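*Asks:* First the structure, then my questions, so here it is.
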Amino acid sequence: MVGKLVIAAASAAVIALPPAAFAQQNHGTAAEARAMLMKAIAAVKADEAKALAMFNKGEGGFRDRDLYVFCANVSDGTLVATGNPNLREALDVDIRAAQNSTGKRFGEEIYAAIQKPEGQITEVSYIAPETDAGDTLVAKVSLVARADADLGCGVGYYK
């Protein structure tokens with residue numbers, strides 16, 4: 001009898017949770033994005049070539065659900081790494097050209113953020129298609145920072 005009561009109470013608690021609570025499990029949080037960015041910067045400082053290879057493959061903890069690292073050259077904005085397999089065609093393209101379907105040129109903001117001094121994290125807000133919801137546009141924030149003299153990196157999360 002007590003076991004059935006516990007199961008019933010647990011079931012009621014799960015039913016009472018808002019649907020957003022379940023959706024959050026598929027999305028990385030702002031804190032997780034920041035932690036991944038800091039880990040990426042440390043990896044770039046340790047061995048840039050190895051780090052870029054890991055970012056592009058999504059290995060070493062640099063891809064988690066919808067969180068992934070992207071990096072661009074500070075000098076010319078060329079995207080040199082993206083952990084998003086759906087954005088491979090963007091490699092070797094100037095990040096400043098990136099815009100969403102509403103015409104917001106968020107790539108210019110990302111490029112401006114990687115021009116700032118090392119250690120300064122900038123939030124770039126825009127809307128983007130949700131990775132697991134087709135063409136549904138949702139609010140997204142990319143945390144962006146200069147990783148070293150030559151490279152800037154970022155990690156985006158859905159709000």
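The values are calculated or read from the model by the stated rules, or taken from the named source; none is laboratory data. Keep in mind that this is a model prediction, so the values were computed, not measured. Neighbour counts are summed over all protein chains in view; Cβ atoms, including those assigned to glycine, are modelled from backbone coordinates with ideal geometry.
*Asks:* Check whether at least one residue in segment 128-144 is modelled with pLDDT under 95, over 15 Å from the mean Cα position of the chain (by Cα) and not in a loop (DSSP other than H, G, I, E, B), and report yes or no.
*Replies:* Yes, segment 128-144 has at least one match.
*Asks:* In addition: Can you pull out every residue in segment 65-79 that is among the β-branched types (V, I, T) and either at pLDDT below 95 or under 23 Å from E32 (Cβ atoms) (or both)?
*Replies:* If the condition is that a residue be among the β-branched types (V, I, T) and either at pLDDT below 95 or under 23 Å from E32 (Cβ atoms) (or both), then V69 is the only one that fits.
*Asks:* Testing V80 on (1) within 24 Å of T29 (Cα to Cα); (2) surrounded by 14 or more Cβ atoms within 10 Å (Cβ to Cβ), one condition comes back false. Which one is that?
*Replies:* With respect to (1) within 24 Å of T29 (Cα to Cα); (2) surrounded by 14 or more Cβ atoms within 10 Å (Cβ to Cβ), V80 is out only on (1).
This table checks each residue for (1) polar (S, T, N, Q); (2) more than 17 Å from L37 (Cβ to Cβ); (3) in contact (Cβ under 8 Å) with a residue 12 or more places away in the chain.
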position	(1), (2), (3)
M54	no, no, no
G60	no, no, yes
T82	yes, no, yes
D92	no, yes, yes
Q99	yes, yes, no
S125	yes, no, yes
K140	no, no, yes
A145	no, no, yes
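*Asks:* Take segment 1-57 and flag every residue that is closer than 21 Å to G156 by Cβ, at pLDDT 95 or above and either outside any helix (DSSP H, G or I) or among the polar types (S, T, N, Q) (or both).
*Replies:* Within segment 1-57, G28, T29, N56 meet the criteria.
*Asks:* Confirm whether V138 is within 19 Å of L67 (Cβ to Cβ) and crowded, with 21+ Cβ neighbours inside 10 Å.
*Replies:* Against the criterion (within 19 Å of L67 (Cβ to Cβ) and crowded, with 21+ Cβ neighbours inside 10 Å), V138 does not qualify.
*Asks:* In segment 44-73, which residues are of a type in the set (A, V, I, L, M) and surrounded by 17 or more Cβ atoms within 10 Å (Cβ to Cβ)?
*Replies:* V44, A51, L52, M54, L67, V69, A72
*Asks:* List, please: which pairs have Cβ atoms under 9 Å, are six or more places apart or on different chains, and start with a residue in segment 111-123 that is of a type in the set (D, E) and end with one that is crowded, with 16+ Cβ neighbours inside 10 Å and in a loop (DSSP other than H, G, I, E, B)?
*Replies:* Close Cβ pairs satisfying both conditions: E118/A147.
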